[in-house]
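What follows is one structure encoded as structure tokens, with my remarks underneath.
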Amino acid sequence: MVVVVALVSVVVGSVLFHLLSPWWWPPIASNWGYIDATLIITFWITGIVFATVVLFMAYCVWRFRHRPGRTAEFDPENRRLETGLTVVTALGVAAMLAPGLIVWKHFVTVPDDAATVEVFAQQWSWSFRMPGADGRLGTADLRLLDSGNPLGLNPYDRFAQDDVIVEAADLHLPVGRPVKMVLRSVDVLHDFYVPEFRAKMDLVPGMVTYFWFTPTRTGEFEILCAELCGIGHAVMRGYVQIQEEADFQAWLQGQQTFAQLRESSSAGP
Amino acid sequence: MVEVTDRPDTQVPPAEVPDVHPPHAHSWLSRWVFSQDAKYIAIQYSGTAIAIGLVALVLSWLMRLQLGFPDLVSFSPEAYYQFITMHGMIMVVYLLTAIFLGGFGNYLIPLMVGARDMVFPFVNMLSYWIYLLAVLVLVASFFVPGGPTGAGWTLYPPQAILSGTPGGRDAGIILMLLSLILFIIGFTMGGLNYAVTVLQGRTRGMTLMRMPLTIWGIFTATVMALLAFPALFVACVMLLFDRLLGTSFFMPTLVEMGQRLEYGGGSPIVFQHLFWFFGHPEVYIVALPAFGIVSDLISVHARKNIFGYRMMVWAIIGIGALSFVVWAHHMYVSGMHPYFGFFFATTTLIIAVPTAIKVYNWILTLWRGDIHLTLPMLFSIAFIVTFVNGGLTGLFLGNVVVDVPLSDTMFVVAHFHMVMGLAPLMVIFGAIYHWYPKITGRMLNHRMGLIHFWVTFVGAYAIFFPMHYIGLAGVPRRYSELGDTPYLTASVAGLNAFITIAALVVGAVQIMFLFNLLWSARHGQRAGGNPWRAASLEWQTPDTPPRHGNWSDELPVVYRWAYDYSVPGAPEDFIAQNDPWPARPVQP
Ligand code: HEM
Ligand SMILES: [Cu+2]
Ligand SMILES: [Cu+2]
């Protein structure tokens, strides 16, 4: 009955692996604890189902294994049993789906007080833009992009002048303030993914995508590109620094605005 | 007794059309090369699929070596991306789709429905040769300058046709797209054949609700493929135009490495919709034949009727239909409108219900059975384990918000390998052990079979179960190197090395399996016509292997479903479908 032992070991082994695994998500650094919670619910429900199904199968294999003289039962259908199982399954599925959809509603509803930050990707680096004192990002168009205008901002847009441009350097954000990340790519698909934030979203050339989150603890977090974007995909990294408000403001003061950038590049040789 | 095993005598309609004999081969060439016999075409399809599958297997070793031992083996990122792309595409399309429909479909459909051959034998032959051409074009891309495409098996534009991706501005992507186009043309020829044969070629008494579930699975998958592949076809043609003619179906205004390109106005997301409109049903195109076949394996080797046959048929049809309205669950973080998430998460989780019913019914078939732990049964059990595991992780990825952290991580890689890599492969192995005696007249060597089973089952689980946790820890998929990411403990490296060793062992034992296939054809124990004492028609042929035309002068007449095992009062523990017991045979 090696198979029965193997099936039981698969269940026991999987459960132990799950419980003892040092491989687990990094500690969360955003408001998306709801996502973790939904994931844990799903782990519990599916884990129980997996163990039950495989152990029940192991029992059947052991109990009804062939022995001389044994005959199987003739048993084509059982309406009540089939209906019952269908209903139970549907309920289990609903128990996972309902919280999932509620959290999704939350995920796609950006709070009104969220600050806006633009993520700008190209093969294979990350740049960022923040609105200046006017609180608004200026318009942009890839056709305007050149070495003096790395993000393709509209030089005639007054909202663009004070936009802060962070070219291929770390993004800094204040802790505890919701932020809407608007995402733009110049060339191919990329995906802005910081494991500690739990959220991620593709950047798609030709359109602007977004997601939002609230950083909940300070620290340095690595950005990994999570959508295949060519040979540099695995090295397309960047960092987000989550800081206290005062530190953040100090950093922000040191950054160049679009207007300053244009001045310095036209003054050059 | 329930009506599915309806009383025999009343249920056999008179013959409506005269018996037609398939064309006979007149020369060596038309017999052994350009054969029009579905059984022979099946072998050609399977042989080609396995051969190209070996390439994909070797590629998986190379990738795993790089991931497991980055200090010893280091391929360039170009090479790594070419490996994953070719591995993924070959496994999904050129191996699994081809072997289930072209291989098992061709062999089993005529025999199991009691036909002499496919209804269009010539088109059937053509289908194989176009498939072979598709494979050759694919192989050719390994040898062109720049090598094969490294765009990932999803071939997402814009990167698929740009210079940052291997093969993007070279011939690689062009050959890939041409090969897929050829594959689809070839498949359509075969697919029409399979569908029409099931609908029109069944013998007397073989009503739809008496067909073995194998046929239901293959038939439904075929119809789905006929509806889904056209989406891939147009996507490939349009992408080819974007690449060769400079159209912009999928290409927005973009700047590549500081250089503004001529493209403008297209949408990359449209490609994703087209791709997954094909790609999701594709999962079930591979899964439904496996569902059908495993139902029959379990029933035969547990000597028990399949439990809930009608529910099983409706579940197959329901899954097939629903799988056309879930495609965008692959795109939750693609930037499509976020409200799609509500719809697609709901439809996706609804599919779990008919799928779960199938699992229950397989296990309830074991309940109070007489379980013979033959190799087909062992592989069926392994299928249930891997399928349940992979199906359950699908509930994570389908439930839109839970997918957000997991999407595009190694969790996804682990999930789909479990559910559409391992699970269908287990069924393919089980099915080969089951039908090999019919195909060759000999049994496969049992000892080698046992080694093959244990190493494959335990090893494959050891590869892919822990991999979920690597993804949970945050490792993205399609990463040729991990770098020194601070939050990923060094231990991920240890686990990766372990997985690689398991993958090498599992791969090696497949070579032994192939050896067994060749060796047993000559030296295997003689099987006789019906070694498993199975009830379905293919085991009732007058000769083994079945002759050209399958049956003797008389076509078989079917009196019952394929699952009359251990019927109380019957003289044996199975009643063949063409056995009129207890009534008298009807007059022709
Ligand atoms: C022992 C067998 C196998 C091993 C060790 C293996 C290993 C791998 C590895 C290492 C990757 C790349 C992961 C990444 O970096 O993203 C991969 C990708 C993939 N594999 Fe497998 N694989 C195996 C069998 C299969 C089978 C049977 C299928 C059939 C469905 C399959 C389908 C795929 C697909 C579709 C991809 C994704 C390619 C892409 O990202 O574009 N594999 N596999
Ligand atoms: Cu990337
Ligand atoms: Cu899908």
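Springs between Cα atoms under 10 Å define the GNM used for chain A, and in it the highest mean-square fluctuation of A:49, A:164, A:110 occurs at A:49. A helix-only calculation puts the protein assembly as shown at -17500 deg cm²/dmol for mean residue ellipticity at 222 nm, using -39500 (n - 2.57) for each DSSP H run of at least four residues, averaged over all residues. Scalar couplings 3J(HN,Hα) for the stretch A:98-112, obtained by applying the Karplus form with A = 6.51, B = -1.76, C = 1.60 to θ = phi - 60°, are 4, x, x, 5, 5, 5, 4, 4, 4, 5, 8, 9, 7, x, 5 Hz; x denotes Gly and Pro. Kirkwood radius, the protein assembly as shown, all distinct C-alpha pairs, inverse of mean reciprocal distance: 28.6 Å. For residue A:238, the residues whose amide H sits under 5 Å from its own are A:223, ignoring neighbours fewer than 5 places away on the same chain, with H placed 1.01 Å from N.
Within chain A, the ratio Rg/Rh, alpha carbon atoms throughout and Rh by Kirkwood, equals 1.18. Ranked by the mean number of other Cβ atoms within 10 Å per residue, highest first, peptides A:178-189, B:290-301, B:46-57 order as B:290-301, A:178-189, B:46-57.
Ligands, DNA and RNA excluded, the heavy atoms of residue B:367 present near 70 Å² of accessible surface to a 1.4 Å solvent probe.
Taking the empirical scaling 2.2 N^0.38 Å for compact globular proteins as reference, the stretch B:338-433 has a Cα radius of gyration ratio of 1.25. Where the accessible area of chain A is counted over protein heavy atoms with a 1.4 Å probe, how much of it, in %, is carbon and sulfur? Answer for chain A is 61 percent, counting heavy atoms of protein chains only. The listed residues B:39, B:438 rank as B:39, B:438 when sorted by accessible area, largest first, using a 1.4 Å probe. Relative contact order, whole percent, for chain B stands at 17, derived from Cα pairs under 8 Å and 6 or more residues apart.
Peptide B:298-309 is shielded by partner chain Cβ atoms: per residue, an average of 4 of them sit within 10 Å of its Cβ. Think of the protein assembly as shown as having a plus end and a minus end, set by charges on the Cβ of Lys, Arg, Asp and Glu; of B:339, A:2, B:65, A:2 sits farthest toward the positive end of this dipole. Taken per residue, the accessible surface of the protein assembly as shown reaches 36 Å², heavy atoms only and a 1.4 Å probe.
The H on the amide N of residue B:119, modeled in the peptide plane, is under 5 Å from the matching H of B:197, each at least 5 residues off or on a different chain. Converting the Cα gyration tensor eigenvalues of the stretch A:115-267 into ellipsoid dimensions via √(5λ) gives semi-axes, longest first, of 22, 20, 13 Å. Taking each pair of different alpha-carbon atoms in chain B once, compute 1/r for the pair, average those values, and report the inverse of that mean as the Kirkwood hydrodynamic radius in Å to one decimal. 24.9 Å is the Kirkwood radius here.
Around the amide H of residue A:200, modelled in the peptide plane, lies no amide H under 5 Å away from a residue 5 or more places distant or on another chain. Full extension of the segment from residue A:24 to residue A:180, taken as 0.36 nm per residue of separation minus the current Cα-Cα distance, would add 53.4 nm. Taking the square roots of five times each eigenvalue of the Cα gyration tensor of the stretch A:2-108, the equivalent ellipsoid has semi-axes of 37, 22, 5 Å, listed largest first. Computed over the stretch B:209-337, the percent of Cα pairs more than 18 Å apart is 63. Counted over all Cα-Cα pairs of the stretch B:450-527, pairs farther apart than 21 Å make up 44 percent.
For the stretch B:125-137, 3J(HN,Hα) computed residue by residue from phi via the Karplus equation (6.51, -1.76, 1.60; θ = phi - 60°) reads 5, 4, 3, 5, 5, 6, 4, 4, 4, 4, 5, 5, 4 Hz, glycine and proline entered as x. Projecting the Cα positions of A:88, A:54, A:34 onto the charge dipole of the stretch A:33-120 (unit charges on Cβ atoms of Lys, Arg, Asp and Glu, taken about the Cα centre) puts A:54 furthest along the positive direction.
Computed over chain A, relative contact order equals 20 percent, with contacts defined as Cα pairs under 8 Å that lie 6+ residues apart.
Pop the C-beta distance of residue B:498 and residue B:310 into the FRET formula with R0 = 41 Å and round what comes out to the nearest 0.05. About 0.35, to the nearest 0.05.
Solvent-accessible surface, computed for protein heavy atoms with a probe of 1.4 Å, shrinks by 10 Å² or more for the following residues of the stretch B:259-283 when the other protein chains are added to the isolated chain: B:260, B:268, B:269, B:272.
Taking the protein heavy atoms of chain B in the context of the full set of protein chains, the accessible area attributed to carbon and sulfur is 68 percent at 1.4 Å. The peptide list B:336-347, B:148-159, put in order of mean Cβ contacts within 10 Å with the highest first, becomes B:148-159, B:336-347. Our note on the geometry: Cα centres of the stretch B:162-179 and the stretch B:232-263, 12 Å apart.
Counting only other chain Cβ atoms within 10 Å of each residue's Cβ, the peptide A:178-191 averages 4.
Shielding by partners for peptide A:98-104, expressed as the average number of C-beta atoms from other protein chains within 10 Å of each residue's C-beta, is 6. Mean sequence separation of contacting Cα pairs (under 8 Å, at least six apart), scaled by the length of the stretch A:2-108, corresponds to a relative contact order of 49 percent. Along the stretch B:528-536 the Karplus relation, 6.51 cos²θ - 1.76 cosθ + 1.60 evaluated at θ = phi - 60°, assigns HN-Hα couplings of x, x, 9, x, 8, 6, 9, 9, 6 Hz to successive residues, with x for each Gly and Pro. Heavy-atom accessible area buried between chains A and B is around 9100 Å² (1.4 Å probe, both sides summed).
The values are calculated or read from the model by the stated rules, or taken from the named source; none is laboratory data. Predicted model only: the values in this text are computed from it and were never measured. Every residue, glycine among them, receives a Cβ derived from its backbone with ideal geometry; neighbour counts consider all protein chains shown. Each accessible area value is taken on the protein alone, full model and side chains, heavy atoms only, with ligands, DNA and RNA left out. Shrake-Rupley method; radii C 1.70, N 1.55, O 1.52, S 1.80 Å.
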